[in-house]
1. Just a yes or no: is a residue in the range 89-99 more than 16 Å from ligand 2 (Cβ to nearest atom), under 19 Å from Val185 (Cα atoms) and in a helix (DSSP H, G or I)?
2. Please determine, by comparing only the residues of the range 74-124 that are farther than 28 Å from Ile215 by Cα and among the aliphatic types (A, V, I, L, M), which one is farthest from the chain's Cα centre (by Cα).
3. Could you tell me which residue of the range 30-79 is farthest from ligand 1 (Cβ to nearest atom), considering only residues that are assigned to a loop (DSSP other than H, G, I, E, B) and among the small types (Gly, Ala, Ser)?
4. Is there any pair linking a residue in the range 29-49 that is under 26 Å from Ser159 (Cα atoms) and among the acidic types (Asp, Glu) to one that is outside any loop (DSSP other than H, G, I, E, B) and more than 8 Å from ligand 2 (Cβ to nearest atom), with Cβ under 6 Å and at least six apart or on different chains, and which?
5. Answer yes or no: is there a residue in the range 113-136 that is surrounded by fewer than 16 Cβ atoms within 10 Å (Cβ to Cβ) and in contact with a strand residue (DSSP E or B) (Cβ under 7 Å, 6 or more places away or on another chain).
6. All but one of (1) without any contact (Cβ under 8 Å) to a residue 40 or more places away in the chain; (2) within 16 Å of ligand 2 (Cβ to nearest atom); (3) more than 27 Å from Met222 (Cα to Cα) hold for Leu71; state the number of the condition that does not hold.
7. Write out, first by first residue and then by second, each pair whose Cβ atoms fall under 8 Å of each other, whose residues are 6+ apart or on separate chains, and whose first residue, in the range 191-218, is within 18 Å of Tyr114 (Cα to Cα) while the second is outside any helix (DSSP H, G or I) and among the charged types (D, E, K, R).
8. Scan the range 9-18 and give yes if some residue there is surrounded by 15 or more Cβ atoms within 10 Å (Cβ to Cβ) and within 16 Å of ligand 1 (Cβ to nearest atom), otherwise no.
Amino acid sequence: MKEITHELLSSFRAPAFPGSFFLSFEGIEGAGKSTQITRLKTYLEDKNFRVLILREPGGTPFGEKLRSAILETKSEITPLAEAHLFASSRSQLLTEVIMKELASPNTVVICDRYIDSSLVYQGHARGLGVAEVLEIHNIFPLNLVPHLTFYLRIDVELSEKRQKMRNAPKDYFEARGIEFYKKLVVGYDLMHELFPKRILKLDATGSLDEVTNSILEVIERMINKKDEMVEEE
Ligand SMILES: Nc1ncnc2c1ncn2[C@@H]1O[C@H](COP(=O)(O)OP(=O)(O)O)[C@@H](O)[C@H]1O
Ligand SMILES: [Mg+2]
């Protein structure tokens, strides 16, 4: 497996669109991503932001087709093929939606899973290698990463408990079992170590309100910083 060099890591940057933010939420199933994203959208809209929620893979007509192809497949896809499928959908989403939307000030684009899911699922858990997946993304615009990523951390037991509550059918990834889930948690912790500034690791075992409060504390700081920057201009 390839080495993760400092040079490789440094090619990943957040897009520079003044007044707009690119955010992502990560974590295993049941961590609370979808619930917290909906709550954050309401909060940001009250602050007069235009908010766009995108899910990965998907978000464009082409991406939605890839989403069904990946999540509904009954046959085994290699981790390399999987990584490329996700990257393909992602590059389309970046060009067609994310970059265009961020160009309007006061916009917040929130992705329900983004590059870290590829690094964790295909790179770490499926064994392709984190450096290998980073290399696939080491080309514009795939090297654009969120300003901030909320990693909602829960353990595998709580994930199972919450998924049972949700009662949804198991898809391609969810059907892989407990050992795979354990690798995902290790993988996400590793991503937080690789990108300590961008990825914020939050304990998501508390109540919904507790997790929301932790998120909003960070978001408020982010908004205040933006206002200061505007005042200085
Ligand atoms: N902090 C929490 N405390 C209790 N239940 C939660 C919490 N976060 C999420 N849940 C519940 O767990 C289930 C999965 O949450 P969801 O937001 O769909 O997670 P994800 O999108 O990360 O898979 C939902 O039924 C949700 O209401
Ligand atoms: Mg969800």
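1. Scanning the range 89-99 turns up no residue that is more than 16 Å from ligand 2 (Cβ to nearest atom), under 19 Å from Val185 (Cα atoms) and in a helix (DSSP H, G or I).
2. Filtering the range 74-124 for residues that are farther than 28 Å from Ile215 by Cα and among the aliphatic types (A, V, I, L, M), the one farthest from the chain's Cα centre (by Cα) comes out as Ile77.
3. Here the answer is Ser75.
4. Glu29/Ser159; Glu29/Gln163; Glu29/Glu174
5. No, there is no match, as no residue in the range 113-136 is surrounded by fewer than 16 Cβ atoms within 10 Å (Cβ to Cβ) and in contact with a strand residue (DSSP E or B) (Cβ under 7 Å, 6 or more places away or on another chain).
6. Failed condition: (1).
7. Going by the 8 Å Cβ cut-off, the qualifying pairs are Met191/Glu26; His192/Lys201; Ile199/Glu26; Lys201/Arg153; Leu202/Arg153.
8. Checked against the condition, which is being surrounded by 15 or more Cβ atoms within 10 Å (Cβ to Cβ) and within 16 Å of ligand 1 (Cβ to nearest atom), the range 9-18 yields no hits at all.
No lab work stands behind these numbers, since they all come straight from the coordinates. Everything numeric here is computed off the predicted structure, so don't read it as measured data. Methodologically, a virtual Cβ is constructed for each residue, glycine included, from the backbone with ideal geometry; neighbour enumeration extends over all protein chains shown.
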